[in-house]
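Undergrad: One structure coming up, written as structure tokens, with questions to follow.
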């Protein structure tokens, strides 16, 4: 037709060398962790129980299947909207009697697997913006490490009312933008590093918050919903690794492995489906669902903090 050829990195954004390297790193990390946990299950010190006995006991546990359901539901929300996995899963663990530090550590260990598969799915579907992903990466990792240090020495729940108030305002602002303008005006996001640092800190210290803080703020500033959600989701994998490693180093391994296994099992099935859902939904639909979700969760958190 006489048109110049479209460069491959434009027509296939997931094929960019930086994103391709990140995808391979995520895949190799997940494979290595699966091999480690498999080896530990069958050849480690399990108190005299064989790996098959542990698997059989786990599959007959109602707690495990409850965690599977929570993990599936939380990952569908997180993968499609870029938020709320940590909040949903942490609430479940706290209601089951886990301490805030143990709940946050367990969720971050589970998120290593769910965010890894979800991030790879987003990148392969072209939902990741390379520039935004890189700007989020290092500050987010640093924030996660600082948040893990804080919650192992101080109860991070004290910050939740203030964070929830901020998120409530952001949710209302996103709903305003979704219905004020049918066509969203795209803008280059600003202060991404500061936002990622704060989001990573809140996520580790409060048991969840990377997606609500970072995604809602970027969408509120006019960023494209699809690539924003995909980029935030993929960056979350790397800061989750940093947070989980920090928790294990500072506080030791959590005692909620049964729930962690359920969260991982449910989340792995939901991750590819959620990324496809994000690609198919319209910008207005994504903004509306994100805004409503943030408002409802934030209002509930404020209510529980004041009661």
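The values are calculated or read from the model by the stated rules, or taken from the named source; none is laboratory data. As the structure is a computational prediction, the values presented were derived from the model and not from experiment. For neighbour counting, all protein chains shown are included, and Cβ atoms are generated from backbone atoms with ideal geometry for every residue, glycine included.
Undergrad: Check the range 140-151 and report whether any residue there is over 23 Å from residue 260 (Cβ atoms), at pLDDT 85 or above, out of contact with any strand residue (DSSP E or B) (no Cβ under 7 Å at 6 or more places or on another chain) and crowded, with 24+ Cβ neighbours inside 10 Å.
TA: no
Undergrad: If you don't mind, there's one more thing I want to ask. Of (1) within 21 Å of residue 233 (Cβ to Cβ); (2) modelled with pLDDT under 75; (3) touching a helix residue (DSSP H, G or I) at 6+ places or on another chain (Cβ under 8 Å), residue 265 satisfies all except one. Which?
TA: Residue 265 satisfies every listed condition except (2).
Undergrad: Among the numbered criteria (1) surrounded by 24 or more Cβ atoms within 10 Å (Cβ to Cβ); (2) closer than 22 Å to residue 289 by Cα, which one does residue 206 miss?
TA: Status for residue 206: all satisfied but (2).
Undergrad: Just checking: which of the helices (runs of 4 or more DSSP H) contained wholly in the range 1-116 hold 1 or more residues that are modelled with pLDDT of 80 or more and over 26 Å from residue 128 (Cα atoms)?
TA: Where helices (runs of 4 or more DSSP H) fall fully within the range 1-116 and carry at least 1 residues being modelled with pLDDT of 80 or more and over 26 Å from residue 128 (Cα atoms), they are 17-43, 51-59, 62-81.
Undergrad: Could you count how many residues in the range 220-247 are outside any helix (DSSP H, G or I) and either under 18 Å from residue 75 (Cα atoms) or without any contact (Cβ under 8 Å) to a residue 40 or more places away in the chain (or both)?
TA: Qualifying residue count for the region: 1.
Undergrad: Sticking with this structure for a sec: Check residue 226 against each of (1) over 18 Å from residue 134 (Cα atoms); (2) surrounded by fewer than 24 Cβ atoms within 10 Å (Cβ to Cβ) and name the one condition it does not meet.
TA: All conditions are met except number (1).
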